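Worksheet: the structure to be examined is printed underneath.
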Amino acid sequence: MNSPAVDRPYSRRPGAPSAAVAMRAWLVGLIAAFVCTLPVAARPVKTEHVTAELVAERSSVQPGQALRIGLRLQHIPHWHTYWRNPGDSGLPTTLSWTLPPGSEAGEIEWPAPKRLPIGPLVNYGYDGELLLPLIYTAPADARPGSTLSLQAKATWLVCNDVCIPESATLALQLPVVGGGDSADAVTPGSTEHTELFERAREAQAAPLDGWTVDAQQAGRELLVTFSKPLEPDAPRPALQLFPYAEQLIEPAQHAVFRTDSGYAVKLRLLDGAAPPASLSGIAVAQGATALGVPTVWGGTQRSAEFDTPVRAVAAFEWPTGAKELVDTQAAALTPETLGGGADMGWAMALLLAFVGGMVLNLMPCVFPVLSIKLLSLVKHGDKPSMDAAALRTHALAYGAGVVLSFLALAALLLALRAAGSAIGWGFQLQEPGVVFVLALLFFALGLNLMGAFEFDGLLPQGLATWRDRRPAVDALASGVLAVLAASPCTAPFMGAALGYAITQSPAVGLSVFGALGLGMALPYVLLVLMPGWRSRLPRPGAWMLRLKQALAFPMFLTVVWLIWVLGQQSGIDGAAKALIALVAMALAIWLASGRSTAGPGGEGRAVVRRVTGGLMLAGALVWSWPVGALGGGDGAAARTATPGSPEAAWAPYDETVIAERLAAGQPVFVDFTAAWCVSCQVNKRLVLHTDATMQAFAKADVALMRADWTQRDARITEALARLGRNGVPVYVLLRPGREPLLLPEVLTAALVRDALATL
């Protein structure tokens, strides 16, 4: 028999927790809340081409809760991995899991891929930063306060010009917190990767809502149509289809048509592939109005999933109003060009670079420095008895200066690109500070040629004596200067070679730049080493001094051009400050080059003049240092074209506008240019802006667009890379429904007319 209940001090009601139990629950909740604020533990694994790690959307997990985790891959530039269907070649990324008992990991939720043309093949995959998300479900009996240890072996194939299989064993530690209605329930917090998961969620294909999908098969060809009631003039951004089934269609055969009711996509079955009973995959469109689905990939693309039966027909039943669309991004990757693009061979790239280097000596940007070298040759002609060994040393030193400078620029370019910078050939002149320094240098060279000073007079006596004993140093320095002057130019044959070089391994890329340097150095080296030409020179006389002074004027013209470039980058105030700095330099040189007077204190007064001139010059340089120099900001003033001038006919580069023009059937001519590119300015004034050429563009109804690369612009750098180029000038005619047509770097009116005749 039960005894009656007796009230006791501190007794608890039936079902109420004891103080010890309540304290324990409070401590568990406190620990769980603290753990919830800690980052999920995961250690990245870095291979030669990819950095891989397991990441989670939330900082902890509740028992039995589903949580989004994923494999994060960060590719080095120009390398890629593959989608679930890799296309013509490749392998998809896989994950093999070791999980705590009672937990489960779902399948990878693949984001929409990109088309990756490689020669005649097309693959489907990813570059840059990638998250492959999936759903993980924690054990229902997981204890709050514990940690779940997840382990996965990830394998992937990473490719550029070669493919390398890689793998990594990755781990992820997930703290467990209380869930449900328990007293220690904690809501998992966000992590540093939460935003990455949000972007991945937006990249997932949504159901194809409101559209009718139909697939027809006639022989080896398929026609997939997407139909929906649309306004007749509704935009039709370019569309890409990615089927789930491997080894079914030829990825390179992909023609997209706009129709009155939507899209039609024409595909082709692989040889030997059986006609499918159904076709499933995703459709990815590149515009903000694409397919009407709310998901956005990369801010510009939308994807939708489809699955439709395939019906056999004798001939395709085309929707009304079918007109081929051009995917400018895909088309630009397969340009029609002689020896151009990343698919040329190494030997061809070396040959083109060597020939381009020789032609570079004739480009206008190299002429000022070449004029100094010609004067140096004249001086050698005055010394027929000059030792042959000294001549060889002079020639080889100049050649070494050219080749080593090209290799140094190439190494810096490749290193910056590997670090993620979107830069190309001539990148240093995109920095106002570099342009400013070059203007000062060429101005000083001009003053020297005019006889305003001698470099030895500005140097300490010991250094001047050391320089006189080593004439090869001057030859080496002139080679370096020649490369600095040549860097704004892209000679014929050179653009394709450089476009190839930056897509290859560092060793191959440096070899191409080395061939470019050899080609540029060879003509001068041969002239120095051939004794016969010197006997044909005029006899020495006063004409040599006049020639030296005359060669100063190309230097001053180069300074004018550099100041103009600086004005484009930093505005009129930046150009004015640079001009004041030039005046300060002239004054400092005048003070420093004055001869010391005889008598006591003469040498001291000369030192005072040099110090005073140096301080004045330093102050002027600090004050006039251009806005935006070396990444300090964008100081470029707005540049507006005069109404009615040829410049006003050119629209700024805009890929969305290009796609719209091409979709409407209008061809587009794009001028990739820069203010610091002398060849660009010559072509513009002698060919592109002439009345005859502008009338030819208007007659052919060609939209004109100018991609100004004067300052860094990642969009333009990427567009050049898609064309297999890495510098300017580049001229391309985009033709609706056809491949782009690349024109040579040196333009003529006839070349432009011939290109327009292909429309």
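Return the inverse of the average 1/r over all pairs of distinct C-alpha atoms in segment 684-759, which is the Kirkwood hydrodynamic radius, in Å to one decimal.
Over segment 684-759, the inverse of the mean reciprocal pair distance is 13.4 Å.
If you take the charge dipole of segment 101-193 about its Cα centre, with +1 on Lys and Arg Cβ and -1 on Asp and Glu Cβ, which of Tyr136, Leu157, Ser146 is farthest toward its positive end?
Farthest along the dipole direction, towards plus: Leu157.
Using the heavy atoms of the protein chains and a 1.4 angstrom probe, tell me the accessible area per residue for segment 541-582 in square angstrom.
47 Å²
At q = 0.11 Å⁻¹, what log₁₀ I(q)/I(0) does segment 144-252 have when each alpha carbon counts as one equal point scatterer in the Debye sum?
So the normalised log intensities work out to -0.79.
So if we plug the beta-carbon distance of Trp564 and Thr656 into 1/(1 + (r/R0)^6) with R0 = 25 Å, what FRET efficiency do we get, rounded to 0.05?
For Trp564 and Thr656, the calculated efficiency is 0.20.
Measuring with a 1.4 Å probe in the full set of protein chains, what accessible area per residue, in whole Å², belongs to segment 130-282?
Accessible area per residue: 43 Å².
Modelled label-to-label distance, Val608 and Leu526, 7 Å Cα→beta-carbon offset: nm?
Once both label points are built, they end up 5.8 nm from each other.
Would you mind checking Lys266/Lys684; Lys323/Lys699; Lys114/Lys684 for any pair whose Cα atoms are more than 28 angstrom apart?
Listed pairs above 28 Å: Lys266/Lys684; Lys114/Lys684.
For Ala185 and Arg220, calculate 0.36 nm times their separation in residues minus their Cα-Cα distance, and state this gained length in nm to one decimal.
Taking 0.36 nm per residue and subtracting the Cα distance, the gain is 6.6 nm.
Highest first, please rank the peptides 681-689, 616-624 by the mean number of other Cβ atoms sitting within 10 Å of their residues.
681-689, 616-624
Suppose each label sits 7 Å from its Cα in the direction of the beta carbon; what would the Gln666-Thr137 distance come out to in nanometres?
That separation, rounded to one decimal, is 5.6 nm.
Once you have the Cα-Cα distance between Leu615 and Leu704, take 0.36 nm times their residue separation minus that, and quote the gain in nm to one decimal.
27.1 nm
With each label point set 7 Å from Cα along the Cα-Cβ vector, what nm distance links Leu121 and Ser227?
Here the modelled spin labels are 3.8 nm apart.
Which length gain, in nm to one decimal place, applies between Leu557 and Asp271 when the Cα-Cα distance is subtracted from 0.36 nm times their residue separation?
96.7 nm
Roughly how many percent of the accessible protein surface of segment 96-163 is carbon and sulfur, given a 1.4 Å probe and a whole-percent answer?
It is 51 percent, rounded to a whole number.
With every protein chain left in place, what is the accessible area of Ser505 in Å² (1.4 Å probe, nearest 10)?
Estimated to the nearest 10 Å², Ser505 gives 50 Å².
Expressed as a whole percentage, what fraction of the accessible surface of segment 673-730 belongs to carbon and sulfur atoms when a 1.4 Å probe is rolled over the protein heavy atoms?
52 percent
The values are calculated or read from the model by the stated rules, or taken from the named source; none is laboratory data. All values derive from a computational prediction rather than experimental measurement. Because the Cβ atoms are built from the backbone with ideal geometry, glycine has one as well, and the counts that use them run over all protein chains shown. Side chains are part of the model used for accessible areas, which takes the heavy atoms of the whole protein and leaves out ligands, DNA and RNA. Shrake-Rupley method; radii C 1.70, N 1.55, O 1.52, S 1.80 Å.
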